[in-house]
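Following: one structure in structure tokens, then a few remarks.
The values are calculated or read from the model by the stated rules, or taken from the named source; none is laboratory data. As the structure is a computational prediction, the values presented were derived from the model and not from experiment. In this analysis, Cβ positions are derived from the backbone assuming ideal geometry, glycine residues included, and neighbour counts consider all displayed protein chains. Only protein heavy atoms, including side chains, enter the accessible area calculation; ligands, DNA and RNA are left aside. Shrake-Rupley method; radii C 1.70, N 1.55, O 1.52, S 1.80 Å.
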Amino acid sequence: MKSIAMFGYLRDGVGKSSTKVLRNEGKVPCVLYGGGKESVNFSMYSADFKQLVYTPNTYKVKLDIDGKIYRAMLKDIQFHPVNDSILHADFQEIDETKEIEIGVPIKLVGNSVGVRAGGKLVVKSNKLRVRALSANLPDFIEVNIDNLEIGKSIKVGEIKVENMKLMDAVNNSVVSVKTTRAAQEEAKAAAAADKKK
């Protein structure tokens, strides 16, 4: 899994007034947990979250907080209910010897027979939760849809992965092909033509 570098600044205070000052400066209050140490309170410029949050990809983060480097992942983020600005972010420090749980994007490959027959591809999930050592985390999980027929779906339990465990329910549908009105009409016309023969 790819990493991106982000820069943070240690916070002096953690109360409401200091938080308000930070937000007025265009910064987001953040906390780094884990690593068996005390949590680290810091801030980052809101604009710096663009490449981490507003993307379908998932990244590990190389956090530079006042010159000290941490390997981390974004664990939680809170948005303002009205203007969608970022209010707070939680990061978790990565221990290379321990498994972490994170969402990994799905990449569909192939050409569904159901779509070629007139069906509509419906993607139910863009990411899957996985548990793995950080070294084994992929950039994406490939799901082959070549044999996906109309009315069928591919469930989590059918997806094969290596060196990690899928955490979503095995019966959750990831992608399916639904019949369309045009495909239904075509099937009716074909059936009617068969009866006339």
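Listed values, structure above:
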item: For the chain, share of DSSP beta bridges that run antiparallel, in % to the nearest 5; result: 70 percent
item: Size of charge dipole - the chain - debye, nearest 20, with Cβ of Lys, Arg +1 and Asp, Glu -1, no other charges; result: 820 debye
item: Which listed pairs, of 62/178; 27/60; 98/155, have C-alpha distances above 32 Å, in listed order; result: 62/178
item: Straight-distance crosslink candidates among aspartates and glutamates, where the alpha carbon sits under 14 Å from residue 165 and sequence neighbours closer than 8 are dropped; result: 99, 101
item: Acute angle (nearest 10 degrees) that the helix 181-196 long axis makes with the longest principal axis of the chain, alpha-carbon atoms; result: 20 degrees
item: Spacing of the two label points (7 Å from each Cα toward its C-beta) at residue 117 and residue 69, in nm; result: 5.4 nm
item: Burial ranking of peptide ranges 78-84, 158-164 (average Cβ count within 10 Å, highest at the top); result: 158-164, 78-84
item: Alpha carbon convex hull of the range 60-130, volume per residue in cubic angstrom; result: 157 Å³
item: Solvent-accessible area per residue for the chain (1.4 angstrom probe, square angstrom); result: 61 Å²
item: Portion, in percent, of the accessible area of the chain that falls on carbon or sulfur, probe 1.4 Å; result: 49 percent
item: Per residue, the convex hull volume that the Cα atoms of the range 33-183 enclose (Å³); result: 149 Å³
item: Heavy atoms of residue 54: accessible area, 1.4 Å probe, square angstrom to 10; result: 130 Å²
